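The values are calculated or read from the model by the stated rules, or taken from the named source; none is laboratory data. In this text the structure is predicted, and so the values were computed from the model without any measurement. In this analysis, Cβ positions are derived from the backbone assuming ideal geometry, glycine residues included, and neighbour counts consider all displayed protein chains. Ligands, DNA and RNA are excluded from the accessible area calculation, which covers all protein heavy atoms including side chains. Shrake-Rupley method; radii C 1.70, N 1.55, O 1.52, S 1.80 Å.
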Amino acid sequence: MEKILKSSIPNLLTIFRLFIAIIVICFLAFPFGGNAYNFSLTIGNADEMSFEFCVSYLLAGILFIIGCLTDFLDGWIARKYKWISDFGKFWDPIADKILINSVLIFFAVNGSVPVLIPVIMIIRDCIVDGRRMIHAKEGTVVAANWFGKWKTILQMVGISIIFFLFNTSQPSFNSNNLINLIFYFFVQNIAVIFALILSIISGFIYFFKNKK
């Protein structure tokens, strides 16, 4: 009995991550606390940029990182103690997608990321998960490839950057400076853009590798 309970730890962490995703969505959908505080940032000779942080986004960001940590923890425990299960192979990537894609949708709505990024990622996930479900019905469980895992890592890093460094949709500048605006969005979305590239690559790899 004790062994069964211990072997269920990775799966329980996956379920816990699903609950965290729901709470994060609630924080983003029903923001409270308003703009809690402001701060300014000057890079080199660039004009000063001022930012506003929202309490609900800050709490959502903290919970998001906790959810990310459970992802790494359940994978590490499953591999270390060989507690790998079909449930984990199937639901672990789905829990990641629910947590990540829901946040990306909200960021696209408020202008923090280009709308095309979550659209492409979600389409890719629908195609891959659809084929995964077909394999599951046939009794075959297909785990994510390494490109997909690195894609997930970059998504988590990129989203965390936006949560804590770029809390609002756009910065406020002392003067109109296109270079500053480009720099802002480039730094904000660079990790997410690389995640998009790996998302497309991993999707093609998964599709052709499991073509039969």
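One table, with the values for the structure above:
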| item | result |
| --- | --- |
| Subset tally (residues that are touching a residue at least 60 places away in the same chain (Cβ under 8 Å) and open to solvent by 10 Å² or more (accessible area, probe 1.4 Å)) for the stretch 101-116 | 3 |
| Lone unmet requirement of (1) polar (S, T, N, Q); (2) open to solvent by less than 70 Å² (accessible area, probe 1.4 Å); (3) at pLDDT below 80 for N45 | (2) |
| Extreme residue, farthest from G158 (Cα to Cα), among residues of the stretch 53-100 that are in contact with a Lys or Arg (Cβ under 6 Å, 6 or more places away or on another chain) and free of Cβ contacts under 8 Å to residues at least 60 places away in the same chain | T70 |
| Qualifying residue in the stretch 168-184 (condition: surrounded by fewer than 21 Cβ atoms within 10 Å (Cβ to Cβ) and modelled with pLDDT of 75 or more) | no |
| I200 within 18 Å of the chain's Cα centre (by Cα), modelled with pLDDT of 70 or more and under 21 Å from R124 (Cβ atoms) | yes |
